[in-house]
Amino acid sequence: MNRILLIGSGWRARMWARVISALPDVSLAGVLCRNPEKRAPFEKIGVPVCGSYDEALSVCADAVLVCVRKQDNLAVSCFFAEKGYRVLCETPAGGTDEERRLFSESEVMIAEQYPLQPVFAAAQAVIKTGILGEVHTLRLSCCHDYHAVALMRAFLGTGDRIPKITAHDFTDEYVSYAGREGLQPPQLAPNRRVTAYLDFGKKRAFYDWSYGQYFSQIRGLQFLLQGTSGELNGQEGVCLREGSVVPFRLKKVYNGQDGSLFAPDLVAICCMGKRVYENPFCGLRFSEEEIAMAQCLTNFMRGNGYSAKEAALDSLIAQTMEDTADGKV
């Protein structure tokens, strides 16, 4: 049993606590929560809560999961790494070149979940089948900042290439009705929206993100992959096979539907009659985001995953995109 010490007490830390509590081969050794008002959710599930770093260091743990503010990630992650812990950090370090350099030289791993989300993992499997030919263009409107860049590199296979970037930002108004705490009274709200073109040479990505999208269903999450012999638009696609145009789709297979007595759960994603993705945590009733988080943690415990060096590259590209949109470069 791998014991995890969780550092942080925000909404994302609470989500990690739920995921870890459900996994059979890991457990929460304790939570560092210095805000007394935020201790209750963790105490409710019987997790030891520490109020100081000294208390946290006394907990018997195999690894540390850091879920603090982005600007504090580097200091907190390096503190525990220097104490001999294996460290998984929720997000990359902040936005300066020096922070990225220090972070990339560390052995910290990053919990970058987007390429591991079921639909995106299935799309990568489709690319590997070759039915789209050479994939060269991506339109992406499903996540922001370094998350989006991580997906771009995963889909396009651009390695450590730095793209040429043009970008713009503007105000995008639409009705907001939900947030992290659930439904809220509908109101017209302005959202910052960034559009960008990233030129990787023979490959390219178009980025379009409005910052209210995560909690909106009137601004859907979208992605379009185009290759030399086909394209995948969300979960619908078309390709050329033996000179004929063949439509296809990604079909999710769920338990717990249409009178089934099984619990609601994603089982697999199929394409052209074959499973291109299977949920490794089927039976735990995770959301697709939680499936990706659990996969991040599993990879980390096996010594694999998304390195701080990769995260520093994605953070650099994302910061350049933001600075270009702001007119700073």
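The values are calculated or read from the model by the stated rules, or taken from the named source; none is laboratory data. Being a predicted model, the structure only gives us computed values, none of them experimental. Please note: Cβ atoms are built from the backbone with ideal geometry, for glycine as well, and neighbour counts cover all protein chains shown. The accessibility values were calculated without ligands, DNA or RNA, using every heavy atom of the protein model including side chains. Shrake-Rupley method; radii C 1.70, N 1.55, O 1.52, S 1.80 Å.
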*Averaging over all projection directions, find the projected area of the Cα convex hull of the chain and quote it in nm² with one decimal place.*
19.0 nm²
*Carbon plus sulfur fraction of accessible area for the chain, probe 1.4 Å, in percent*: 51 percent
*At a Cα cut-off below 15 Å, give the aspartates and glutamates reachable from LYS203, other chains included and same-chain residues fewer than 8 away excluded.*
GLU134, ASP160, GLU231
*Tell me, what ³J(HN,Hα) does each residue in region 103-110 have, in order and in whole Hz, if you take phi through Karplus 6.51 cos²θ - 1.76 cosθ + 1.60 with θ = phi - 60° and put x for Gly and Pro?*
5, 5, 8, 8, 9, 5, 9, 10
*With a cut-off of 19 Å, note down the residues of region 218-256 whose backbone N falls inside the zone around a label point 7 Å from the Cα of TYR197 toward its beta carbon.*
224-227
*How would you rank 22-31, 251-260, 203-212, highest first, on the average number of other Cβ atoms within 10 Å across their residues?*
203-212, 22-31, 251-260
*asked:* Taking θ = phi - 60°, what integer Hz values does the Karplus form 6.51 cos²θ - 1.76 cosθ + 1.60 yield along region 5-15, in sequence order, with x for Gly and Pro?
replied: 9, 9, 10, x, 9, x, 4, 6, 4, 5, 5
*Relative to the Cα centre, what is the charge dipole magnitude of the chain, using +1 at the beta carbon of each Lys and Arg, -1 at the beta carbon of each Asp and Glu, and rounding to the nearest 20 debye?*
540 debye
_Heavy-atom surface of region 164-238, accessible at 1.4 Å and reported per residue (Å²)_ = 58 Å²
*Going by accessible area, probe 1.4 Å, with all protein chains left in place, what is the ranking of CYS282, CYS50, largest first?*
CYS282, CYS50
*Residue-wise, which Karplus ³J(HN,Hα) couplings in Hz belong to region 295-305, taking 6.51 cos²θ - 1.76 cosθ + 1.60, θ = phi - 60°, and x for glycine or proline?*
5, 4, 5, 5, 4, 4, 5, 8, x, 10, x
